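Right, one structure below, let's go through it.
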Amino acid sequence: MSDFTPQELMVAVASREIRDGDLVFVGMRLPILAYAVARNSHAPTARGLFEVGLMRDQPASGFLGTMGDPPNVAGALWATRMSNAMALMAQGEVDLGFIGGAEVDRFGNLNTSYVGDPKKPEVKLPGSGGGADIAILSRRWVTLMTHERRRLVEKVSFITSPGYGDGTPSWRKRNGLPGGGPVAIITTLAVLRFPDGGGEAYLDSVHPGHTVDEVRANTGWDLRLAEHVSETSAPSNAELAAIKRFDPDGFWTRTQS
Amino acid sequence: MSDFTPQELMVAVASREIRDGDLVFVGMRLPILAYAVARNSHAPTARGLFEVGLMRDQPASGFLGTMGDPPNVAGALWATRMSNAMALMAQGEVDLGFIGGAEVDRFGNLNTSYVGDPKKPEVKLPGSGGGADIAILSRRWVTLMTHERRRLVEKVSFITSPGYGDGTPSWRKRNGLPGGGPVAIITTLAVLRFPDGGGEAYLDSVHPGHTVDEVRANTGWDLRLAEHVSETSAPSNAELAAIKRFDPDGFWTRTQS
Amino acid sequence: MSMANAIERFVPDGATVALGTALEPLIPFAAGHELIRQSRRDLELVGPISDALFDQLIGAGCVRQVTAAWVGNVSEGLGHCYRRAAEEGVPRSIAIHDHTNFSIALALWAAAWNAPYIPTRTLLGSDILNTNPHLERDGDVVRVHAVRPDVAIVHVQRCDEHGHAHAWGPLGITEEAGLAAGRVIISCEELAESAPLLKHPNRILFPETKVVAVVHAPGGAHPSPVQGYFNRDHAFFRDYAAASRTREGFEAWLKRWVLDVPDRSAYLARIDTEALRIRE
Amino acid sequence: MSMANAIERFVPDGATVALGTALEPLIPFAAGHELIRQSRRDLELVGPISDALFDQLIGAGCVRQVTAAWVGNVSEGLGHCYRRAAEEGVPRSIAIHDHTNFSIALALWAAAWNAPYIPTRTLLGSDILNTNPHLERDGDVVRVHAVRPDVAIVHVQRCDEHGHAHAWGPLGITEEAGLAAGRVIISCEELAESAPLLKHPNRILFPETKVVAVVHAPGGAHPSPVQGYFNRDHAFFRDYAAASRTREGFEAWLKRWVLDVPDRSAYLARIDTEALRIRE
């Protein structure tokens, strides 16, 4: 249990979402590590696309504070404009995207813009970045988040990056969103998933050392449960070794809250 | 008189349309030479923009069969995409453009697409290339053409590159064309110009050795005359020397009809 | 991969094919001639200007539709096969979707970004609006509808076997054509190792995910120029213009330079490529 | 030209300024700090994400409007000055035109091509549509209206005095920002001779006609990274985040790192740049 941090577990779980051969739109922070772990284990032919304007196969050999750091450029397969990376995603060529979220609701909608009235916000969050683009255009996507009641809310007050909207059937299709929508919410406590075709998130697995009750108590809506809620598989030694290799000082996985 | 060919005169006249400091959208054939001549005489700070995706200051040092020939790239200030060159023109940053024409009418409209019904054309011409873009977007433009009745026609059957449309006041403005329109038609016999603000072409000067009557007889409409029709200034020795330098074998100025 | 193989596998009858995207330079004539030898039919050709290659494909009967700004012979003028097809339906009639150079670029950017169209002020006042149904007047702008090639065929200076290409000189609409296309075939002067190419990732032309075939085809752009390698063979264009003036002349030319030529090396053996080679 | 001179001549109060166009790398902090020192007011900032520079300019009271996809501190999270301005109007209230990374790129391409807008399917279903009046739903697409900066300020690796710049590494929206802008100010690590730069005209970033000033500003992007020259100074971003958490902390930081610093050399004298330098 205490062999790994919640962040290391999140990275390991996120990496397992990457299928071999996927073109992955790699977001900032933990997803950079998740891509590196996946590429070194079960997804040796995956490729990473970074919105800053990069495509890679091998993960960067040095530590990355941002996707635009020099080690991420060395050995890149393509250094280009952001709009070219977005072009591939707009064409439906991105299999999986990662988005960081400040707030998520039961239908997978993310708010990274405003808490409260946008005209007079209680909290001004940094904004979409490429989040809304990934949410709308990638084939499937995953978000990672600290599990707190104030973050997993009944309904986000502002949809920056749309999931399944109001949760009604075919909401995305009716609204013209080309991509498939969210498939998982990976938190510090659990993994939430969505039914095929989208809709409302349900609790799929609870991380080792935590309980269903604890997860529900920290979720801002009455969380549905999978028929069999399992325990999230702990990171393997290989996964932990890979994480250590790409985050040697624990910048992302040891020192963050 | 026989010291120069009609093409050499046309190049010289065209070069005089280039003002110092102009950004010139250089078309194929004679305008390539006109740019070189101007840059070497009265327009030492002009720049040439080539739709293939090039910007230059100094003319190419070798012969150019096309604007995309290797000597035109050597020493270029920018080798880029065509759409980037077009961007500058769309922003109104191109002072002068050159367009080759197969047919022109009294209002300066060019046809380089179809003679006869487009569905069943008598002659299929090559098309616009960048011609229509130049005609619509550049601040002012000039066309060069062999002076024949079948080329200078009352009304072109197909407007590829619009001049002043139907000749009514403010036709370009009413139709949303951002650029200023044609300022001159340089032919093998004469120079036709347009009044300020556009409208109908008039005969401004006749090339040495030719007469007003000859020009009118070879024009497909009742050609208006300037108050004082002058004789076109013959190419100077310096102009002829420059032409010889950039077209040493007379590919463009000695062997063409 | 051999050119024959690449064309056979990745350019079916009926395909929409972007060619000659760098305008006068880097025109993939070797690929075009292979399309002719394999009797490809019903192609839609997409390009800005096309220096004689479109004319040859049209004359060979490969083409159903042309979506382009200009079709002819840049240093010589008219495209005679294009004229015969458009005027007389010889060897077959073709549909023509006229563009300007700017509008075909915008049509490809629209496709690259999966935008339905891009609005522009170019084309206002031009009758091209009346003959191309994919250019649509909308108030004070023209909507240039997306053009999405099934395949873009591009000749470059250097490429590795994975499709990491370096091309230089003016590139016309090459980048947007490759991004807009479903797949890209690359023919190259030099088949290079990956490491020196990837040392300059900014110079990589396309993402490797778009490239389905890389063909080592030195001289594959002749008679068009290749920056750093070959000058343009002006005389060859002149001779083609003269030969293709009549249908019979074109057929003889095609037999001599394409149909009776097994592959590009046989073609190049008949050319004085050394006279065209750029030595720096 | 000195940075002070370039900013004074070409960035008036009220200007719309694109900055940080390469996202995390090549952020022109030296230019931004000079804007602060010259007390520029009522600027509209345009960018994709902005790693702390927008936050500093906002905190210094230079900014009237932000037109961007993301404003914060990439490795640390929130932008505290941005929060104070948006939440409390401190030091002044700002207007916010939210974008996504893709939409701000499209807005600049629209301006570069003088198109009124570019239609896209991104943004569908996002509430950003409700808060930015320049993003307009139109049937099944969103019209992203053109954004035209008065000036783009770009940091590059090498440039000559005429504005022929080579930049490498990921470039984000740099090309479209420069083309869309009325004018471009370049700051560079190395002020180079023209000949070696022009030997590779494909690598020239902008037409010289757009560039109004070239400033030799080695280290001018610190603490952001410069491919081939400097790694990112993560600790500096962390310290800025901590300091700027309070208004007082920010003011002290600003005094220490900007207001009391006469120019970039004085700033750099306080940094261990050698520890950040990339040796290849």
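Values quoted throughout were computed directly from the atomic coordinates according to the rules given, and no laboratory measurement underlies them. On a predicted model such as this, the values are computed, not experimentally measured, just so you know. Neighbour counts are summed over all protein chains in view; Cβ atoms, including those assigned to glycine, are modelled from backbone coordinates with ideal geometry.
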**Asked** Which entries of B:Lys119/B:Lys155; C:Lys199/D:Lys199; B:Lys244/D:Lys210; A:Lys124/A:Lys155; C:Lys199/D:Lys210; A:Lys124/A:Lys173 show an alpha-carbon separation above 24 angstrom in the structure shown?
**Response** B:Lys244/D:Lys210; C:Lys199/D:Lys210; A:Lys124/A:Lys173
**Request:** Could you state, as a whole-number percent, how many of the C-alpha pairs of the protein assembly as shown are farther apart than 47 Å?
**Result:** 31 percent
**Message:** Could you work out how much longer the chain between B:Ala217 and B:Glu148 gets when fully extended? Use 0.36 nm per residue separation minus the Cα distance between them, nm to one decimal.
**Reply:** 23.9 nm
**Request:** For B:Leu110, enumerate residues with amide H under 5 Å from its amide H, sequence gap 5+ or separate chain, H modeled in the peptide plane.
**Result:** B:Thr160, B:Ser161, B:Gly163
**Message:** Among C:Gln56, C:Gly72, C:Val151, whose Cα projects farthest towards the positive end of the dipole of chain C, with charges put on the beta-carbon of Lys, Arg (+1) and Asp, Glu (-1)?
**Reply:** C:Gln56
**Request:** List the residues of the range D:56-79 whose backbone N lies under 11 Å from a point placed 7 Å from the Cα of D:Arg238 along the Cα-to-Cβ direction.
**Result:** D:76
**Message:** Let me spell out the model: positive unit charges on the Cβ of Lys and Arg, negative unit charges on the Cβ of Asp and Glu, origin at the Cα centre of chain B. What dipole size does that give, in debye rounded to 20?
**Reply:** 580 debye
**Fill in**
On the formula 1/(1 + (r/R0)^6), with r taken between the Cβ atoms of D:Asn5 and D:Leu191 and R0 of 22 Å, the FRET efficiency rounded to 0.05 is 0.90
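Residue by residue through C:128-134, how many Cβ atoms from other chains fall within 10 Å of the Cβ on average?
Numbers: counts 9, 2, 3, 5, 0, 0, 0.
Partner-chain Cβ atoms within 10 Å, mean over residues of C:128-134: 3.
Take C:Leu123, A:Leu77 and order them by how many other Cβ atoms sit within 10 Å, fewest up front. Walk me through the numbers before you get to the answer.
Values: C:Leu123 29, A:Leu77 23.
Going from sparsest to densest Cβ surroundings: A:Leu77, C:Leu123.
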**Per-q log10 I(q)/I(0), the range D:194-280, q = 0.25 Å⁻¹ (Debye; single scatterer per alpha-carbon; no solvent)** = -1.26
**Request:** Please list, in chain and number order, the residues 5+ apart from D:Val211 or on another chain whose amide H is under 5 Å from its amide H, with Hs placed from the backbone.
**Result:** D:Val184
**Prompt:** At C:Ser2, label 7 Å along Cα→Cβ: distances to the other copies, nm, ascending?
**Reply:** 7.0
**Request:** Place the label 7 angstrom along Cα→C-beta at C:Gln38 and in each other copy, then list the distances from the first to the rest in nm, shortest first.
**Result:** 5.9
**Item:** Charge dipole of the protein assembly as shown about the Cα centre (unit charges at C-beta), most positive-ward option of A:Phe107, D:Ser93, B:Ser230
**Value:** A:Phe107
**Item:** Largest-first principal axis extents of the Cα set of chain D (Å)
**Value:** 54, 49, 35
**Prompt:** Helix-derived [θ] at 222 nm for the protein assembly as shown: sum -39500 (n - 2.57) over DSSP H runs of at least 4, divide by residue count, nearest 500?
**Reply:** -7000 deg cm²/dmol
**Request:** Please compute the Cα-Cα pair-distance distribution of chain B with 10 Å bins starting at 0, giving whole percents from short to long.
**Result:** 8, 32, 38, 20, 3
**Fill in**
So the FRET efficiency between B:Lys244 and B:Asp20, C-beta based with R0 = 25 Å and rounded to 0.05, is 0.65
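Roughly how many debye, to the nearest 20, is the charge dipole of the protein assembly as shown about its Cα centre, given +1 on each Lys and Arg Cβ, -1 on each Asp and Glu Cβ, and no other charges?
Dipole of the protein assembly as shown, to the nearest 20 debye: 520 debye.
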**Fill in**
When chain C is treated as a Gaussian network with springs between alpha carbons less than 10 Å apart, the largest mean-square fluctuation among C:His80, C:His200, C:His155 is found at C:His200
**Fill in**
Counting only DSSP loop positions in the range A:76-184, the GluC sites (Glu not before Pro) whose Cβ has at most 16 other Cβ atoms within 10 Å are A:Glu122, A:Glu148, A:Glu154
**Complete:** Distances in nm between the label point of B:Gly209 (7 Å along Cα→Cβ) and its equivalents in the other copies, shortest first, are 9.6
**Relative compactness, the range B:42-192, computed as alpha-carbon Rg over 2.2 N^0.38 Å** = 1.09
**Message:** Starting from the 7 Å offset along Cα-to-Cβ, what nm value, one decimal, do you get for the label separation of A:Arg254 and C:Ser93?
**Reply:** 7.6 nm
**Fill in**
Here the cysteines of chain D without any disulfide-compatible Cβ partner under 4.7 Å are D:Cys62, D:Cys81
**Prompt:** In the protein assembly as shown, with Lys and Arg counted as +1 and Asp and Glu as -1 at Cβ, which of these residues, B:Pro162, D:Pro207, A:Gln7, has the Cα nearest the positive end of the dipole, that is, farthest along it?
**Reply:** B:Pro162
**Request:** Between B:His228 and C:Thr273, take the C-beta separation as r, use R0 = 56 Å, and let me know the FRET efficiency to the nearest 0.05.
**Result:** 0.50
**Prompt:** In what sequence do D:Val151, A:Val215 fall when counting other Cβ within 10 Å, fewest first?
**Reply:** A:Val215, D:Val151
**Request:** Identify the residue of chain D whose Cβ lies closest to the rotation axis that maps chain D onto chain C, and give that distance in whole Å.
**Result:** D:Ile118, 3
**Complete:** When D:Trp253, D:Trp70 are ranked with the fewest other C-beta atoms within 10 Å first, the list becomes D:Trp253, D:Trp70
